[in-house]
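To start, the structure itself, in structure tokens.
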Amino acid sequence: MKTIAAFLLTMIFGIQFIVAQDQVAQPVEKTYAWNEATHDFGKIPVSIPASVTFTVKNDGKAPLLISAARSSCGCTVAEYTKEPIKPGESGIVTATYNAAHAGPFNKTVTVTFDGIANPDVLTIKGEVEAPPAPPAPAPAPAPGETTPVK
């Protein structure tokens, strides 16, 4: 009889443990808002880095902490507010694109917050213009032709 009771108790606790493992944690609600998620630089000159500052406002009741801001490539550098953002206050993520090569670009910065499972993706895009072509050299005088002296 004691063996059966011990077996039943073990089964009950085992089932409760399995059920608890299957429960999925509810995602934390986003309690913040960005001023913009995509920034279009338009046309920018080659060899001059372009920067934009994205602003995030904490609309929640608890501090908000940006834990990481990672760019999609080495040509973009992301800097962000490291301190907790108090309720009602704002923090920033600055993305700087190194406009080294002419042509269109579309880059992302993935922002992760402490305690929030799904990161946000900020996008920068535009077109880097090639430098103007240097002026063509003056044609050389034809043989036998003289150039006027000034």
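The values are calculated or read from the model by the stated rules, or taken from the named source; none is laboratory data. As the structure is a prediction and not an experimental result, all values here were calculated from the model. Glycine gets a Cβ as well: all are built from the backbone with ideal geometry, and neighbour counts include every protein chain shown.
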Check your understanding: of a type in the set (S, T, N, Q), modelled with pLDDT under 95 and either assigned to a loop (DSSP other than H, G, I, E, B) or within 30 Å of residue 132 (Cβ to Cβ) (or both), is that true of residue 16?
Key -> no
Review point. If you take the residues of the range 68-79 that are among the aliphatic types (A, V, I, L, M) and touching a Ser or Thr at 6+ places or on another chain (Cβ under 6 Å), which of them is surrounded by the fewest Cβ atoms within 10 Å (Cβ to Cβ)?
Key: 68
Review point. If we keep just the residues of the range 34-67 that are part of a strand (DSSP E or B) and surrounded by fewer than 12 Cβ atoms within 10 Å (Cβ to Cβ), which is nearest to the chain's Cα centre (by Cα)?
Key: 42
Check your understanding: Is there a residue being out of contact with any Asp or Glu (no Cβ under 9 Å at 6 or more places or on another chain), part of a loop (DSSP other than H, G, I, E, B) and surrounded by 12 or more Cβ atoms within 10 Å (Cβ to Cβ) anywhere in the range 117-134?
Key -> yes
Check your understanding: So, of the residues in the range 68-114 that are of a type in the set (A, V, I, L, M, F, W, C) and in a loop (DSSP other than H, G, I, E, B), which turns out to be farthest from residue 41 (Cα to Cα)?
Key -> 73
